[in-house]
Each structure stands twice: as structure tokens, then as C-alpha cells.
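Asker: Input: one structure, supplied below.
The values are calculated or read from the model by the stated rules, or taken from the named source; none is laboratory data. Computed from a prediction, not measured in an experiment: that's the story for all the values here. Here the Cβ positions follow ideal geometry from the backbone for every residue, glycine too, while neighbour counts run over all protein chains shown. Just the protein is used for accessible areas: all its heavy atoms, side chains included, with ligands, DNA and RNA removed. Shrake-Rupley method; radii C 1.70, N 1.55, O 1.52, S 1.80 Å.
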Amino acid sequence: MIDPDWIKRGLDAAIEMAEKGWREGGIPIGSSLLDARGQIVAAGHNQRVQSGDPTAHAEVDCVRRAGRRRDWRSLTLVSTLSPCPMCSGTAILFKIPRVVIGENRTFMGAEDWMRHEGIALEVVDDPRCVALMERMKREKPDLWAEDIGE
């Protein structure tokens, strides 16, 4: 089990980034990375709309902001939404051992794949994360459909 204080710290940072993305006119998904002591080393948000880059998901943005590192195997990735296959693949590629998921009600990512690869998952079902995605689906249904590949 992941330390509850770490989860709160990481999720608060990820939600702050998700809200930033929404204010910018983008998709409200955020992510953060915590080091072995539970300190935030990077945070990012979905920038697909802002940048026009279809790979600019929150988790990918966060990993990019973390830069070159050798401690990937001691980090914890936090995301407001269940990571899609691309973002799950990023966690698998860098051998990040723990992923905290804010919610998976509105979208179920590649959780089975991450578990199969030995990643410990903690699904929080945070009401703030659910509210962000429900608002997105309600107010920008076309953008939601685009984001999930429909």
C-alpha cells in the first residue's frame, strides 16, 4: 500500500495541473511523479488541445518534465484518470513500480496490463477527479470523444 500522505500530496498536485489544463481550454487530466521520499519531482497536464500534439497526455508531459533520471524504479506516478495504453506503456517502459489513479469510473485505461507487468495500482476514486471528467463529458462531449479515440 502506498503511503496515504503521498497519495494526497501527489493527487493534489495532479488535480491542480488538471484544473490548469481546463483553464487553458484543454482536457482536465493531470499527473505528478513522487520520489522515494514522497516528494514531488514533476507534474504535468494534458496539452493535446493547446499544443496540437496527440501524444501530449498528462502522464507523458509529467515524465518529460521529470527529465533524464536514473531513479525511475523508485518513483510513484499519480494521475487524475486511469492511464490510457500509451501512458501505461510509459510507466511500464520506465519501470515505475507504483501508479495512483484518481478515478477510473469515466474511463478505464490499461490497468490490467500494468498489473500484469508488476506495477502496484492504487485506485482512489476521488470525487474531485470524477467531477473534472464528468464536467468535461457534459460541457465538451466532442473533445471527450476525440480524447478517447471515438
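Asker: The chain: longest stretch without exposed trypsin sites (Lys or Arg not before Pro) (DSSP loop, at most 12 other Cβ within 10 Å), sites themselves excluded?
Answerer: Values: sites that count: 37, 68, 70.
Excluding the exposed sites themselves, the longest stretch runs over 71-150.
Asker: When the chain is fully extended, how far beyond the present Cα-Cα distance does residue 69 get from residue 8, taking 0.36 nm per residue of separation?
Answerer: Values: separation 61, 0.36 × 61 = 21.96 nm, distance 2.39 nm.
Using 0.36 nm per residue and subtracting the Cα-Cα distance, I get 19.6 nm.
Asker: Of all accessible surface on the chain at a 1.4 Å probe, what whole percent is carbon and sulfur? Mind showing how you got there, number by number?
Answerer: On the way: 3700 of 7330 Å².
Taking all protein chains in place, the chain shows 51 percent carbon and sulfur surface.
Asker: A follow-up question, please. If each residue of separation counts as 0.36 nm, what is the full-extension length gain between residue 137 and residue 113 once their alpha-carbon separation is subtracted? Walk me through the numbers on the way to the answer.
Answerer: Numbers: separation 24, 0.36 × 24 = 8.64 nm, distance 2.56 nm.
Stretched out fully, the residue 137 to residue 113 stretch lengthens by 6.1 nm.
Asker: Now for a different question. If the reach is capped at under 27 angstrom between alpha carbons, list the lysines near residue 95, excluding any in the same chain fewer than eight residues apart.
Answerer: 8
Asker: Along its principal axes, what span do the Cα atoms of region 41-112 show, with the longest given first and each in whole Å?
Answerer: 30, 28, 17
Asker: Further, regarding this structure: For the Cα atoms of the chain, what angle does the longest principal axis make with the long axis of helix 127-139, in degrees from 0 to 90, nearest 10?
Answerer: Taking Cα atoms only, the helix is inclined about 30 degrees.
Asker: Calculate the tail of P(r) for region 99-139: the fraction of all Cα-Cα distances greater than 12 Å, expressed in %. Intermediate values should be presented prior to the final figure.
Answerer: Working: 490 of 820 pairs.
When every Cα pair of region 99-139 is considered, 60 percent fall beyond 12 Å.
Asker: Now, a different point. Checking a compactness column here: for the chain, what do you get for Rg(Cα) / (2.2 N^0.38 Å), N being the number of residues? Present the calculation step by step, with values, prior to reporting the outcome.
Answerer: Values: Rg = 13.8 Å, N = 150, 2.2 N^0.38 = 14.8 Å.
In units of the globular-protein estimate, the chain measures up at 0.93.
Asker: Hey, how many Å between the Cα centroid of region 20-60 and the Cα centroid of region 94-129?
Answerer: 16 Å
Asker: Something else about it: So what's the back-of-envelope 222 nm ellipticity for the chain, counting only DSSP H runs of four-plus at -39500 (n - 2.57) apiece and dividing by all residues, rounded to 500? Could you put the intermediate results ahead of the total?
Answerer: Numbers: 7 runs with 68 residues, N = 150.
Value at 222 nm, helices only, nearest 500: -13000 deg cm²/dmol.
Asker: Here's something else I'd like to know. So what are the ³J(HN,Hα) numbers for region 12-19, from phi and the Karplus equation (6.51, -1.76, 1.60; θ = phi - 60°), rounded to whole Hz, Gly and Pro as x?
Answerer: Working through the residues one at a time gives 4, 5, 5, 5, 4, 5, 4, 5 Hz.
Asker: Largest first and to the nearest Å, give the Cα extent of region 1-68 along each principal axis.
Answerer: If we take the Cα atoms of region 1-68, the spans are 36, 26, 16 Å.
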